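**Student:** One structure, as structure tokens, below. Some questions next.
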């Protein structure tokens, strides 16, 4: 058990520079999106959706059962993707559960990374688009995505603050960097799609920021080691 937690801790430490690099890319893409009028308008609608949900989250009774449903379905979806068996799903107002044959790190932390209702919205839109013209409704899509993503973010922060058994087998040192990095890996392609930047440029920027973050950590570690050895 100790070795397992130690290895998960190393994974979390390894992902910390990645979280820094992806965070820099996220900020850069937000700035780039604002330089294009169409992209800026779409991003504004997305942020309005985020703001509207946050107001509802703090003012109205919270739809806890809807979050629990999304939480357990995210576990199940990650299990199905991983080829694991799923059974005995239970959803209630005060919590839920699902039995998975092999609860891996990805399966356990999937609800904190996957914006379930945002993905459901995109899937439903893609299916509906096969039979009807959705052009009149598409201007509302960024707003709805903002609301559903903010739903995911707000309940993720709240549930983690209250403490979750999903985190315990892996430890917070591993779980939190994985969750942060996983959310950015899902959000970055959406922002890159809005920003007036090519896929090649986006990938190069991401690679540069990741390399810079890991290089900074490496140089800092080497400097500290040398100072310790030299007794300074």
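The values are calculated or read from the model by the stated rules, or taken from the named source; none is laboratory data. The model shown is predicted, which means the values in this text are computed figures rather than measured ones. Positions of Cβ are backbone-derived with ideal geometry, glycine not excepted, and every protein chain shown enters the neighbour counts.
**Student:** In the list 215, 203, 173, which residue meets the criterion of being touching a residue at least 40 places away in the same chain (Cβ under 8 Å), assigned to a helix (DSSP H, G or I) and either out of contact with any strand residue (DSSP E or B) (no Cβ under 6 Å at 6 or more places or on another chain) or crowded, with 18+ Cβ neighbours inside 10 Å (or both)?
**Tutor:** Result: 173 is the single residue among 215, 203, 173 that is touching a residue at least 40 places away in the same chain (Cβ under 8 Å), assigned to a helix (DSSP H, G or I) and either out of contact with any strand residue (DSSP E or B) (no Cβ under 6 Å at 6 or more places or on another chain) or crowded, with 18+ Cβ neighbours inside 10 Å (or both).
**Student:** Still on this model: Check region 89-102 and report whether any residue there is touching a residue at least 60 places away in the same chain (Cβ under 8 Å) and more than 21 Å from residue 61 (Cα to Cα). Explain how you work it out, then say what you get.
**Tutor:** Kept after step one, since they are touching a residue at least 60 places away in the same chain (Cβ under 8 Å), are these residues of region 89-102: none.
Scanning region 89-102 turns up no residue that is touching a residue at least 60 places away in the same chain (Cβ under 8 Å) and more than 21 Å from residue 61 (Cα to Cα).
**Student:** Ok, one more. Could you go through region 6-21 and let me know if any residue there is farther than 15 Å from residue 181 by Cα, over 16 Å from the mean Cα position of the chain (by Cα), without any contact (Cβ under 8 Å) to a residue 24 or more places away in the chain and not in a helix (DSSP H, G or I).
**Tutor:** No, because not a single residue in region 6-21 is farther than 15 Å from residue 181 by Cα, over 16 Å from the mean Cα position of the chain (by Cα), without any contact (Cβ under 8 Å) to a residue 24 or more places away in the chain and not in a helix (DSSP H, G or I).
**Student:** Does residue 189 satisfy the criteria of being more than 16 Å from the chain's Cα centre (by Cα), exposed (fewer than 15 other Cβ atoms within 10 Å of the Cβ) and within 27 Å of residue 45 (Cβ to Cβ)?
**Tutor:** Numbers: more than 16 Å from the chain's Cα centre (by Cα): no; exposed (fewer than 15 other Cβ atoms within 10 Å of the Cβ): yes; within 27 Å of residue 45 (Cβ to Cβ): yes.
No: the conditions fail for residue 189.
**Student:** Return the only residue of 107, 81 being exposed (fewer than 13 other Cβ atoms within 10 Å of the Cβ) and within 26 Å of residue 5 (Cα to Cα).
**Tutor:** None of the others qualify; the one that does is 81.
Residue-by-condition table, conditions (1) closer than 30 Å to residue 195 by Cα; (2) at pLDDT 85 or above; (3) out of contact with any strand residue (DSSP E or B) (no Cβ under 7 Å at 6 or more places or on another chain); (4) surrounded by 17 or more Cβ atoms within 10 Å (Cβ to Cβ):
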residue	(1), (2), (3), (4)
3	no, no, yes, no
48	yes, yes, yes, no
54	yes, yes, yes, no
94	no, no, yes, no
103	no, no, yes, yes
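**Student:** Evaluate the following for residue 179: is it outside any helix (DSSP H, G or I), in contact with a helix residue (DSSP H, G or I) (Cβ under 7 Å, 6 or more places away or on another chain) and either within 27 Å of residue 72 (Cα to Cα) or modelled with pLDDT under 85 (or both)? I'd like the intermediate steps shown before the answer.
**Tutor:** Details: outside any helix (DSSP H, G or I): no; in contact with a helix residue (DSSP H, G or I) (Cβ under 7 Å, 6 or more places away or on another chain): yes; either within 27 Å of residue 72 (Cα to Cα) or modelled with pLDDT under 85 (or both): yes.
No, not satisfied.
**Student:** List the number of the failed condition for residue 107; all other conditions in (1) at pLDDT 80 or above; (2) more than 27 Å from residue 184 (Cα to Cα) hold.
**Tutor:** Looking at each condition in turn, residue 107 falls short on (2).
**Student:** Could you please find all residues in region 142-170 being surrounded by fewer than 18 Cβ atoms within 10 Å (Cβ to Cβ) and modelled with pLDDT under 85?
**Tutor:** 162, 163, 164, 165, 168, 169 - these are the residues of region 142-170 that are surrounded by fewer than 18 Cβ atoms within 10 Å (Cβ to Cβ) and modelled with pLDDT under 85.
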